[in-house]
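**Student:** Starting off with a structure, shown below.
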Amino acid sequence: MSPPPDPSPQPGLPSLAYRGWFLFLMMLVSASVVGERFMMAVMVGPIKAELHLSDTQIGLAKDMAVTLVYIIAVIPLARLADRWSKRKIVTLAAVTWSVAVLLCGQAKSFLLLLVGRAAIGLGEGAFTPPSQSWIADLFPMKQRATALAIFLLGASLGHLTGPALGGWLTSEYGWRHAMLMAAIPGFVLAPLVLLTLRDVAPGLADGHSAEATARQPFGSTLREIMAVRTLPLLILGASLTSLITMGLVSWTPAYMERSFGMSAREAGLGMGGALFLGSVIGHSLGGPIADFLGRRDVRWYIWIQIFSALGAMGVAFTMLSGPAGRVFPLIGLNMLIGGLSAAPLMAVISTLAPVHARSVTVAILMVSINIIGLGGGPLFVGWLSDTLAPLHGQESLGMAMRAVLLVGVPAAFLSLLASRTCVSDFARCQGRSPGTPAPATLH
């Protein structure tokens, strides 16, 4: 089966120079919100001591408040972005999380800290869906996965710079001043987005007509999204894959401590470097590879998901079955292989989504990943480890981590099913009858 055509960009499509600036700016904004979200991880000690908090309160503020507000707010905010200005939504999002970080830095009580962290989740929820759908509006299918791969580098940069700069600033100036300085990038980037970027017609890069972007009630929109057979399969498959990833990432430091006697500091440093390097390489390669192969057969965008799920599963099993020296190199390789699928996944999701609901479709993907992956992965591994502990002692955690890898099989199967429906879905979203012959390459 051959891929659908990629129509020539419309005359109103901005220049490549402008789109390059747009992509660079979006990458920096992404790095800002991710860095500000995760920098608190290195401030736990001084915040806990000064505000007299328990570990439970720290956990609620550091992670749960951000995640819960994100899950609750992301779909309504995405709906707003599809109906209003993506430029203004992204600008307001950057201001929101920057003000939230300032509030955290001024917090004198647990309640104010909790409110500040919740507001970071609100800002992140307002940013993620419109930024990805905006990229889809500006980059045609043949370039879309590459553009999204560049965008994803912002998240990798934020995961590195947030804890690194946060730790240094906290040690030099204290956690309150560290948060004050961490808010600066968002306040700088927000006016740049507002003043130097501009909204474009939804679906511009795909040549969609104004009729295709007409607004619809949310219920109709949701039914339209779910009617694209490839989308539910990919969303569920990606969520299962994220369950494996988060099950590994959240428990590997503890696994190293229990199985090999490694200190928490040594485990954290080794794992942080491996995750950063692996994700950067994987994200950088995945988009261009998918765009290159996708010009020959559009199913490559999804076949990469299958390779990613099974390959990462095999590497992780080897990592958990060998000596300590293998763990960090192999978890880096695991992140590399897993990262290959991220940009192609986003490209397919944003392309097959109804043009008037691209942000909402991305939001549904993010909610599913957060609930199944971020929520289910660590919880499932912890529960299974506790269940196995009476019989297997310290080995129970490694056994639980190996067991969660089996989820990669249904994830790959869902991607295989999606590869069987994607060509007809691509044809339909481009306005062709599924039986109409398509050219052999994407133009």
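**Student:** Restricting attention to segment 103-151, and to residues there that are over 11 Å from SER350 (Cβ atoms) and in contact with a Pro (Cβ under 6 Å, 6 or more places away or on another chain), which single residue is most open to solvent (accessible area, probe 1.4 Å)?
**Tutor:** That would be THR146.
**Student:** Please go through segment 152-191 and pick out each residue that is open to solvent by 70 Å² or more (accessible area, probe 1.4 Å) and polar (S, T, N, Q).
**Tutor:** SER171
**Student:** Of all residues in segment 30-52, which are open to solvent by 20 Å² or more (accessible area, probe 1.4 Å) and under 15 Å from the mean Cα position of the chain (by Cα)?
**Tutor:** If the condition is that a residue be open to solvent by 20 Å² or more (accessible area, probe 1.4 Å) and under 15 Å from the mean Cα position of the chain (by Cα), then ARG37, PHE38 are the ones that fit.
**Student:** Please specify each residue of segment 190-216 satisfying the condition of being at pLDDT 85 or above and within 26 Å of the chain's Cα centre (by Cα).
**Tutor:** Of everything in segment 190-216, those that are at pLDDT 85 or above and within 26 Å of the chain's Cα centre (by Cα) turn out to be ALA190, PRO191, LEU192, VAL193, LEU194, THR196, LEU197, ARG198, ASP199, VAL200.
**Student:** Taking ALA316 as the residue in question, decide whether it is in a helix (DSSP H, G or I), farther than 16 Å from ALA412 by Cα and touching a residue at least 12 places away in the same chain (Cβ under 8 Å).
**Tutor:** Judged against the criteria, ALA316 is not a match.
The values are calculated or read from the model by the stated rules, or taken from the named source; none is laboratory data. Just so we're clear, the structure is a prediction, and the values are computed from it rather than from any experiment. Positions of Cβ are generated from backbone atoms using ideal geometry, with glycine treated the same way; all protein chains shown enter the neighbour counts. SASA here: full protein model, heavy atoms, side chains in, ligands and nucleic acids out. Shrake-Rupley method; radii C 1.70, N 1.55, O 1.52, S 1.80 Å.
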